[in-house]
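Everything on this sheet refers to the single structure shown next.
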Amino acid sequence: MHADLVAISNLWQLDQSNDRLRAEHDGLTGAVRAADTAHKAAEVALEEAETKLAALVQRTRKNDRELADYADKRDKTRAMIDGGTAPDYGAATRQLAQCLEIVDRLETTALELMEATEAATKAEADAEKAVETNRLLLGTARQALAARDAAIRAELTAIIAAREPIAVLVPTELRAQYAQQRQKKRAALVNTHENICQTCQTKIPAQRVLETALARAIHTCPGCGGWLLP
Ligand SMILES: [Zn+2]
């Protein structure tokens with residue numbers, strides 16, 4: 001292999017290790033962030049479910065009290081009518097009718113509240129489970145990051161320290177070109193097969209492939225700009 005290509009290859013390998021480590025670290029921290037967001041959202045949902053359930057319990061108590069009051073009033077009115085003790089028979093029958101109507105309405109409400117409470121109780125239990133699940137997932141994500149964090153940082157520090165001496169071996173005029181490839185997030189080195197770049201499928205002039213193979217010169221792919229590997 002041509003000496004310049006060896007130098008580029010060494011630098012490229014180092015930079016790729018750097019990219020891999022950074023991507024791994026980004027992935028781990030991203031997972032922690034996502035798990036944290038999900039956990040917080042689950043906690044908010046649980047709080048909402050609890051508030052909803054508490055409000056239903058309140059409403060049920062109030063409805064039950066009213067129902068007991070009107071049932072009592074209904075029974076007393078009916079007893080007065082039946083016993084002939086009502087001071088005003090007409091007013092008593094109107095009151096009884098009104099009580100029956102209200103009791104009927106309150107009983108319907110009681111049934112609706114019972115159903116709603118049942119659903120809200122289930123929703124609260126589900127929300128609690130979701131909080132627990134998300135708490136575990138967050139713990140796992142944090143552990144995964146903690147398990148690799150120090151090692152990744154140490155490796156990256158080592159790579160940064162090793163880079164300069166390796167980079168200076170690449171001729172100055174090629175270094176800017178290399179930096180451009182990196183900036184474009186393109187491969188610095190590409191394989192060829194039957195004069196076709198295996199990265200971008202561009203046809204390479206046969207002369208370039210031959211000179212590369214004989215280590216007489218280094219050439220780039222006209223399509224993606226990567227240096228051809230022999
Ligand atoms: Zn190419």
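Observations on the structure shown:
- Here Gly226 meets each of (1) assigned by TED's automatic domain parsing to the domain that holds Ala7; (2) of a type in the set (Gly, Ala, Ser); (3) within 16 Å of the ligand (Cβ to nearest atom) with one exception, condition (1).
- Count of residues meeting criterion [more than 12 Å from the ligand (Cβ to nearest atom) and part of a helix (DSSP H, G or I)] in segment 161-198: 18
- Whichever residue in segment 199-209 is more than 41 Å from the chain's Cα centre (by Cα) and in a loop (DSSP other than H, G, I, E, B) and, among such residues, is nearest to the ligand (Cβ to nearest atom): Ile204
- When restricted to residues that are more than 13 Å from the ligand (Cβ to nearest atom) and assigned to a loop (DSSP other than H, G, I, E, B), segment 210-223 contains 5.
- Among the residues of segment 4-47, those that are charged (D, E, K, R) and either closer than 30 Å to Leu228 by Cβ or in contact with a Phe, Trp or Tyr (Cβ under 9 Å, 6 or more places away or on another chain) (or both) comprise Asp4, Asp15, Asp19, Arg20, Arg22, Glu24.
The values are calculated or read from the model by the stated rules, or taken from the named source; none is laboratory data. Just so you know, these numbers come straight off a predicted model, no measurement behind them. Ideal geometry is used to build each Cβ from the backbone, glycine not excepted, and the neighbour counts take in all protein chains shown.
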